[in-house]
Amino acid sequence: MSTLSENPTESEFQEYTILIVDDNPANLSVLTDYLEDNGFEIMAARDGKTGLEMAHLAQPDIILLDVMMPGIDGFETCRRFKASDTTKEIPVIFMTALTSLEDKVKGFEVGGVDYITKPIQQEEVLARIATHLRIRELTQKLQRKTQEVIALNERLTEDNFRMSAELDVTRRLQQMVLPKEQELKQITELDIASFMEPADEVGGDYYDVLQHNGSIKIGIGDVTGHGLESGVLMLMVQTAVRTLLNNNVTDPENFLNVINRTVYDNMQRLCSDKNLTLSLLDYRAGRLRLTGQHEEVLVVRKGGAIERIDTFDLGFMIGVEADIAPFISQLEISLQQGDGIVLYTDGITEARNTEKKLYGLKQLCEVISHNWHLSAYEIQKAVIADVRQHIGTQKVFDDITLLIFKQK
């Protein structure tokens, strides 16, 4: 049922039913004929009790109600209409010869929406009926929209709760698969410190440190985007790295290409456009082989001097192309006692403060260089403290990951 137009026609009124309650047969007859001629369907009752019964059964669109009637009068009839769940929303227009302010106030108090003063002017009746039908329909439309908003809000609340639970599970899984402190301590050649703090929405930062046949495989990566899907891809990469290592795939370039193919095939199956940056480092006896594209790798010499290595030409985004072998190359790095490597994700360098200023790579290098004489753990603490001070009260939008290795 559409809302009545400003100048409704007879065809529009045909959709509506009016209940007239009046003990005067002449009034009933005149009003019934006039309103039927204008297209309305009319129901008539001679007393309040009958009117109540008819309204409960037929659910008219509007009620015209006489005040002075035998038995229960119009005021009491209206009060009962408004007390019932089935009829309380139906507009009631009083028809009465009573003109005192007290009577009009009483009519509004019991739930009436308007008054028509007898003797009745037919055009006035039609105008008031049309107005209140229009008001009722607009009110119902507003109520429906309100219910839709409430339902949507409830659904969003449920979805947010479900998503929050999913993200919490992903966050826990992300932490569970990280190398444990006791594992890192078993690597006697290197002083190692690691730190990862998932963002509120869970990003896809990945890192791992694995010993295998006298070598150490170090990986760090960052999945595009945030949320559950990014976290799942991070877990996928971690599993692939460990599986390849356990199957003695040792060539760094082949290793990275196989990981890429695994991720690419899975992303195609999932119809996902997720991908990640990934750098892998193979360490043995003071020498490192670096492959893969990620953030700059920081080589820190014993006195705190930093060499920044751009990894752009060492690989390609993982999961974008089926075969990235043509893009992969490797770089060798020698470490002496006191030298080291710092790996990080952009959650550090792109951390913003309340003024939207980035923390930046320059600041990271300064803190590392200034504290390089300390242990790996103390350097990590100094960096994270400085990042936190920079962020202040600003919300953290990305995972923060930091790895520090010092040659003993």
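Computed from the coordinates by the stated procedures, all read-outs in this text should not be read as laboratory data. All figures in this text were calculated on a predicted structure; none of them were measured in a lab. Backbone-built Cβ (ideal geometry, glycine too); neighbour counts: all protein chains shown.
Listing for the model above:
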read-out	value
Shape call, the stretch 13-145: gyration tensor on alpha carbons, a/c limit 1.5	rounded
Kirkwood Rh and Cα Rg combined as Rg over Rh, evaluated for the stretch 180-407	0.95
Charge dipole of the chain about the Cα centre (unit charges at C-beta), most positive-ward option of 39, 93, 280	280
Among 235, 206, 335 the positive-end extreme of the charge dipole of the stretch 206-337 (Cβ point charges)	335
Cα gyration tensor shape of the stretch 78-170, rounded if a/c is under 1.5, else prolate or oblate by comparing a/b with b/c	prolate
Spatially proximal lysines relative to residue 381 (Cα-Cα < 16 Å; intrachain offsets below 8 disregarded)	406
Footprinting exposure proxy for 406, 357, 302 (fewest neighbouring C-beta atoms within 10 Å first)	357, 302, 406
Exceeding the 19 Å Cα-Cα cut-off - candidates 357/395; 217/274; 302/357	217/274; 302/357
Those lysines that a straight Cα-Cα span of less than 30 Å connects to residue 118, excepting residues fewer than 8 apart in one chain	49, 82, 88, 104, 106
Amide H partners (placed H, <5 Å) of residue 44, local residues excluded	20
Residues with amide H under 5 Å from that of residue 206, placed H, sequence gap 5 or more	221, 222, 223
Helix-only mean residue ellipticity at 222 nm for the chain, each DSSP H run of n ≥ 4 adding -39500 (n - 2.57), per residue, nearest 500	-14000 deg cm²/dmol
Cα-based equivalent ellipsoid of the stretch 271-389: semi-axis lengths in Å, sorted from largest, via gyration tensor	26, 22, 10
Which of 90, 309, 218, 259 has the fewest Cβ neighbours within 10 Å, and the rest in rising order	309, 90, 218, 259
Linear extension gain, residue 393 paired with residue 141, 0.36 nm per residue minus alpha-carbon span	86.4 nm
Relative contact order %, the chain, counting alpha carbon pairs below 8 Å whose residues are six or more apart	12
Net +/- balance of residues flanking residue 74 in space, Cβ distance below 14 Å, scoring K and R +1, D and E -1	-1
Stretch gain in nm, segment residue 250-residue 11, where the contour uses 0.36 nm per residue and the Cα spacing is subtracted	77.7 nm
Taking 390, 294, 370 and counting other C-beta atoms within 10 Å, the order from fewest to most	370, 390, 294
